[in-house]
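For reference, the structure is listed below as structure tokens.
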Amino acid sequence: MNIFRLLGDLMHLASIIILLLKIQTSNSVSGISFKSQVLYLVVFATRYLDLFTSFTYSIYNSIMKIFFLATSSYILYLMRTKFFATYTASKDTFRLEYLIGPSAVCALLFTTEYSVMEILWTFSLFLESVAILPQLYMLSTTGEAETITTHYLGALGAYRAFYLLNWIYRYYYEGYILHIVILTGVVQTGLYLDFFYIYFTKVLRGQKFKLPV
């Protein structure tokens, strides 16, 4: 554990709390990509299988894993039931096969061990690096978003940026490195660059998030 890992975990927790707050206070899931939320649940489900096979990790890690699995499932439940009428499916049109297929291929090509657990873990890394794309694509089709939705995305992007710094820190101070983690972290952080520019120059100054035409 180091400061970057801790900040990354806090930003990840914050992103989920912000998203749930947005849904509960507005009684709406408008502007939220159901497809991105599905991908995140797949990421957590394939990454945290060790919850059922290994008990060597800390209570902290186990609680965090259960929290993300439970909240992701709950968000999807809300989107498909209570607030389904507010879901803008016509804007959430990104093709998931374009993300799941290449992620599976990359997992098979770049896994460090050909075991089911290791392949699924590697798959979760590649899939998480692009899981936000349906949400960003949805933003691009609408052209704007509610402020609280942009705060959710900002916290989610900060989580990945801090985790990337965590791996760099571990390399320099512990001599520990996983190239796949660094690669997928760079890809995921890079996808947020345009969003971050608008977020920091407009949203945090009180202006409405709006993509340039």
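The values are calculated or read from the model by the stated rules, or taken from the named source; none is laboratory data. Nothing here was measured: the structure is a model prediction, and the numbers come from that model. Here Cβ is always computed from backbone atoms with ideal geometry, including for glycine, and neighbour counts include all displayed protein chains. Please note that ligands, DNA and RNA were not included when accessible areas were found on the heavy atoms of the full protein model with its side chains. Shrake-Rupley method; radii C 1.70, N 1.55, O 1.52, S 1.80 Å.
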Considering only residues that are of a type in the set (Ser, Thr, Tyr) and open to solvent by less than 40 Å² (accessible area, probe 1.4 Å), which ones fall in region 164-199?
THR184, THR189, TYR192, TYR199
Of (1) free of Cβ contacts under 8 Å to residues at least 60 places away in the same chain; (2) open to solvent by 70 Å² or more (accessible area, probe 1.4 Å); (3) not charged (D, E, K, R), CYS106 satisfies all except one. Which?
(2)
Taking region 145-159 only, how many residues are more than 12 Å from the chain's Cα centre (by Cα), more than 9 Å from GLY31 (Cβ to Cβ) and hydroxyl-bearing (Ser, Thr, Tyr)?
2
So, in region 16-48, how many residues would count as being surrounded by fewer than 19 Cβ atoms within 10 Å (Cβ to Cβ) and of a type in the set (S, T, N, Q)?
6
Candidate set from region 49-66 (those that are part of a helix (DSSP H, G or I) and either at pLDDT 95 or above or farther than 30 Å from SER26 by Cβ (or both)); member that is most open to solvent (accessible area, probe 1.4 Å)
ILE59
Residue by residue through region 166-213, note down the ones that are modelled with pLDDT of 85 or more, assigned to a loop (DSSP other than H, G, I, E, B) and under 20 Å from the mean Cα position of the chain (by Cα).
TYR192
Do we find a residue being crowded, with 19+ Cβ neighbours inside 10 Å, part of a helix (DSSP H, G or I) and free of Cβ contacts under 8 Å to residues at least 40 places away in the same chain anywhere in region 83-103?
yes
I want to confirm something. Restricting to region 109-137 and keeping residues that are within 23 Å of ALA155 (Cβ to Cβ), in a helix (DSSP H, G or I) and among the hydrophobic types (A, V, I, L, M, F, W, C), which single residue is least open to solvent (accessible area, probe 1.4 Å)?
LEU127
So which residues in region 138-165 are assigned to a helix (DSSP H, G or I) and within 19 Å of ASP92 (Cβ to Cβ), if there are any at all?
MET138, LEU139, SER140, THR141, THR142, ILE148, THR149, THR150, TYR152, LEU153, LEU156
Among the listed residues THR46, THR25, which satisfies the condition of being part of a helix (DSSP H, G or I), of a type in the set (S, T, N, Q) and modelled with pLDDT of 95 or more?
THR46
Filter result for the condition that a residue is over 27 Å from LEU10 (Cβ atoms), at pLDDT below 90 and over 20 Å from the mean Cα position of the chain (by Cα), over THR142, THR81, THR111:
THR142
